[in-house]
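Below is one structure, written out as structure tokens, with a few remarks after it.
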Amino acid sequence: MDVRRTAVVKLDVSDEQRDALHRTAEQYLYCANRTANYCWSNTSYAECKTNKRQVRDALYSELREETDLQAQLVQAAIRRAVEAIKGVVERWKKGQRVSRPTFTAETMDYDTRSATFYRTKASLATVDGRVELPFVLPADSPTPYERYVLSEDYEFRESTLRYDAVTDEFYLHISTRRTNGGNDAEVPADTGPPDQTVLGIDLGVNSLAVASTGTFWQGDDYDHWCRELEKRRGEMQQRGTQAAHDALLRLGKREEAWRKQYIHTVANEVVTEAAEHDCDVIVFEDLTGIRERLPHAQWHHVWAFRRLYKYVSYKAPEQDISVEQVEPNHTSTRCSRTDCGFTHDDNRHREQFECQKCGYEVNADYNAAKNIGLRYARKRQHRLRSSPTSGSGDAEVDLRINGGTLNGESHQPIAGD
Ligand SMILES: [Zn+2]
């Protein structure tokens with residue numbers, strides 16, 4: 001199974017380092033805004049430049065000369081701006097109101113060449129060379145940082161440094177991925193454009209999101225922080241003074257920005273997951289009535305589900321991946337083995353799924369993610385077959401699962417699922 005985690009860590013920053021980070025961010029924003037200017041066209045989306053390599057070739061040397069930024073940071077700023085332009089172009093194509101993206105928040109993307117992680121600190125590239133920043137880790141142990149970033153089972157992927165102007169603190173959002181995952185079996189190449197490969201996504205309370213490839217986005221950090229902030233909100237409300245009221249408003253704004261950023265990161269990872277597995281479609285369940293279906297979900301869960309769906313819908317088309325929804329009925333109580341499909345409430349016990357008919361045992365959210373993908377695959381296959389004009393009666397619609405693919409109709413595991 002392939003698991004990705006995002007941990008948020010506060011940094012202990014000296015005055016001198018703070019100055020270096022702010023100046024780095026300023027130059028990074030300069031690069032991003034210069035790039036956005038270069039790529040943008042007011043006349044038509046067709047004239048906007050969205051080819052990362054071409055944009056980099058045109059701007060990289062200039063930006064290196066104009067700034068003191070390290071090579072990776074210049075490239076990251078260019079990449080961020082081109083991604084933003086692509087997103088805007090997609091919305092423009094759909095006839096939505098758009099404008100040139102501008103970058104004002106002090107947020108920088110680091111990868112393994114611009115950041116190094118140690119047990120208690122990170123070393124980050126700045127305009128003054130590397131700075132070493134100790135982590136401020138919460139007392140409750142093991143923290144998500146210790147569990148996912150330091151664990152040998154996880155490899156560091158990338159991180160985003162964010163400056164929070166309200167608290168005047170720097171935070172690192174660190175993204176990791178479990179390394180002992182299944183080796184992706186090669187899928188026989190099939191021809192014909194109507195073929196589709198599908199990634200199913202289940203949203204839930206146990207795990208924020210689970211993909212049919214077996215990747216889990218646990219969201220423990222998200223839960224943890226929402227609970228902490230809830231507690232603090234409660235304390236402030238009790239105080240009832242004007243100062244407490246103002247602090248409450250500030251806290252609310254900060255919290256919303258933080259939650260958005262978190263879900264953004266997960267949405268990007270979901271799209272990357274689909275792209276890395278050559279999926280053409282990401283399938284979610286229809287979120288209408290999600291409150292009734294998930295009685296244990298709190299408001300911040302429901303908010304996260306809707307946001308995640310929305311962000312993925314924006315981001316996926318940039319990679320030529322479409323996003324669909326299917327009816328949610330029985331996706332959690334149906335057996336996802338395609339030669340079984342037995343549906344019963346007793347099949348599911350909290351996080352565990354055990355089919356009462358065939359004995360298939362698997363994580364319940366993973367079972368649901370497979371069902372969501374399969375439901376879409378079956379529907380599409382059926383539509384293609386029954387359409388007399390499509391001429392694509394033998395098109396394949398496959399679901400990408402952990403270590404292989406599943407066809408909507410016959411069970412063809414390539415490696416075990
Ligand atoms: Zn079964």
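The values are calculated or read from the model by the stated rules, or taken from the named source; none is laboratory data. A quick note: this is a predicted structure, and the numbers were derived from the prediction, not measured. Here the Cβ is made from the backbone with ideal geometry for all residues, glycine too, and neighbour counts use every protein chain on show. Just the protein is used for accessible areas: all its heavy atoms, side chains included, with ligands, DNA and RNA removed. Shrake-Rupley method; radii C 1.70, N 1.55, O 1.52, S 1.80 Å.
Brief remarks follow.
- Taking 0.36 nm per residue of separation and subtracting the Cα-Cα distance, full extension of the segment from Glu276 to Lys121 would add 52.8 nm.
- Value at 222 nm in deg cm²/dmol, rounded to 500, when DSSP H runs of n ≥ 4 in the chain each add -39,500 (n - 2.57): -13500 deg cm²/dmol
- Our estimate of slack between Ala244 and Ala58, defined as 0.36 nm per intervening residue step minus the Cα-Cα distance, is 61.9 nm.
- The chain: relative contact order as a whole-number percent, Cα under 8 Å and 6+ apart: 17 percent
- P(r) of segment 196-407 over all Cα-Cα pairs, binned every 10 Å from zero, in whole percent: 8, 31, 31, 17, 8, 3, 1, 0
- Averaging 1/r over every pair of different alpha carbons in the chain and inverting the result gives a Kirkwood radius of 23.3 Å.
- 28 Å Cα cut-off, lysine pairs counted over segment 3-178 (separation 8 or more, or different chains): 8
- Label-point gap, in nm, between Gln72 and Trp303 - each point 7 angstrom along Cα→Cβ: 3.3 nm
- Computed over segment 196-407: relative contact order in percent, which uses C-alpha pairs under 8 Å that are six or more apart: 29 percent
- Accessible area (Å², 1.4 Å probe, nearest 10) - Lys315: 50 Å²
- Note on exposure: Glu285, Glu83, Glu230, Glu47 ranked by accessible area (1.4 Å probe, complete protein assembly) read Glu47, Glu230, Glu83, Glu285, with the most exposed listed first.
- Label-to-label distance, nm, for residues given as His224 and Arg383 (7 Å Cα→Cβ offset): 4.2 nm
- Pair Trp92, Leu251: separation of 7 Å Cα→Cβ label points (nm): 4.3 nm
- Percent accessible area from carbon and sulfur atoms, the chain, protein chains only, probe 1.4 Å: 44 percent
- Cα-based radius of gyration of segment 3-178 once divided by 2.2 N^0.38 Å, which approximates compact folds: 1.12
- Lone cysteines, the chain (no partner Cβ under 4.7 Å): Cys31, Cys39, Cys48, Cys226, Cys279
- Highest mobility in the GNM of the chain, judged by mean-square fluctuation with C-alpha springs under 10 Å and restricted to Thr43, Thr405, Thr333, is found for Thr43.
- Distances between placed amide hydrogens fall under 5 Å for Asn407 paired with Leu399, Gln412, all partners being 5 or more residues away or on another chain.
- Gain upon complete extension [Asp195, Glu83; 0.36 nm per residue less C-alpha separation]: 37.6 nm
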